[in-house]
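Before any comments, here is the structure.
The values are calculated or read from the model by the stated rules, or taken from the named source; none is laboratory data. None of the values given here were measured: they were computed from a predicted structure. Please note: Cβ atoms are built from the backbone with ideal geometry, for glycine as well, and neighbour counts cover all protein chains shown.
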Amino acid sequence: MEGQLFTVFFLIFTGAAVLASVALYTRQPLLVAYIAIGIALGPFGFSIIDDVSAVTEMAEIGIVFLLFLLGLDMQPKSLLAVLRSATSIALVSSALFAILGFCLGLAFGFNVTEAAIIAMATMFSSTIIGIKLLPTTVLHHKHTGELMVALLLLQDFIAIFCLLVLISGDGGSLQLQNLAIAIVALPLLIGLAWLAVRFVLLKLVARFDRFHEYIFLLAIGWCLGLAELAEHVYLSAEIGAFIAGISLATSPISQYIALNLKPLRDFFLVLFFFSLGARLNIDLLPSILVPALVYAVAVLTLKPAVFFGLLKQQGEKPALAWDIGFRLGQISEFSLLIVFVAAGSGLIGDKASLLIQAAAILSFVISSYIVIFNFPNPIAVSDKLRRD
């Protein structure tokens, strides 16, 4: 792909535009078009784009911007209150989903280590699917968004712990030093962000607010800078970006930044879904198709039910509990990262890796259909459900 980046972008976005037009005419979710063009053009399809590593790396920026914009819409005080109430739900649900994944892994004939990786991959829900399909206008119940964000952030912390287990030490043994650094660094990063915004960023904005290009550049630099710093202290870029966003949430320019960064976020998210489809090894797919279908159906069925039960037990209204349950009723992109790390360490074989990838994509697609056709969202094909 070296020296052909323009051609690669042409193929991805022109192809995505064509398939997206077909998807809209046939009343299908746009995410399906992005994944389909990835499968078709990628190394396991027609192999027109045979190296997607650079695209995959760029695509991760979309998740970073998504979390940054998410933080811009959150008020710190209300988020802290929701985090306290969501902790027990996140812990209990993650434990139940891990048990589900472990049992399925053993039932499919994988060894204990591979079943444990499948258990980890089952614990989390997709930040992209959950948040991209969540309306941001005042027409949507704000409490739903706050509760979803709290649950997804808590899942991110659990995922970071899982990744530290996989990538540290010989044989996957946990380096307590890295975990301790991450725990200590989190409040320090929050404090640093607050001080930087109060004493540096807001003063720069007040002085140069008439230069819109500068405000745009400052926002991107702040987002990516804190994301990079978070990675260096064993947190994730997503958490760093979210902290960067929420530190600006109470400032008068937060909504201006959010409005201007949305097209940039969508650009990178198209790359994310393309790379997701391109990395799916369809040659091995027939050998794990039935287990992947069983796995995906189990997740799509049980996750909404578990979230519904836990949320209702905590006093949430049934309609809101089902809404959140179905929005979080899939496997996560974080799960794919866990798979890639585990595969690189030799902890799982090709079949176990492909099982999780295939089930994740199936759960993404089917979950998107469920939300798009039944709940308010920005890309609904029905005018009644479309909320920007």
Tell me, yes or no, whether region 357-376 has at least one residue that is at pLDDT below 75 and not in a helix (DSSP H, G or I). no
Being of a type outside the set (F, W, Y), modelled with pLDDT of 90 or more and part of a helix (DSSP H, G or I) narrows it down to one residue among L164, L218, L179, L153; which is it? L218
Being surrounded by fewer than 22 Cβ atoms within 10 Å (Cβ to Cβ) and closer than 18 Å to K132 by Cα, is that true of even one residue in region 79-90? no
Cβ-Cβ under 8 Å, sequence separation 6+ or interchain: first residue in region 22-41 and β-branched (V, I, T), partner in a loop (DSSP other than H, G, I, E, B) and surrounded by fewer than 19 Cβ atoms within 10 Å (Cβ to Cβ). Which pairs? I39/G45; I39/I282
With E333, E316 as the choices, which residue is within 22 Å of the chain's Cα centre (by Cα), buried (at least 21 other Cβ atoms within 10 Å of the Cβ) and modelled with pLDDT under 90? E333
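Looking at I220, I257, I243, I215, can you tell me which residue is of a type in the set (A, V, I, L, M), surrounded by 15 or more Cβ atoms within 10 Å (Cβ to Cβ) and out of contact with any helix residue (DSSP H, G or I) (no Cβ under 7 Å at 6 or more places or on another chain)?
Exactly one of I220, I257, I243, I215 is of a type in the set (A, V, I, L, M), surrounded by 15 or more Cβ atoms within 10 Å (Cβ to Cβ) and out of contact with any helix residue (DSSP H, G or I) (no Cβ under 7 Å at 6 or more places or on another chain), namely I220.
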Going by the conditions given, is I39 closer than 27 Å to A237 by Cβ, modelled with pLDDT under 85 and of a type in the set (V, I, T)? no
Per-region count, region 269-290, residues modelled with pLDDT of 85 or more and surrounded by fewer than 21 Cβ atoms within 10 Å (Cβ to Cβ): 2
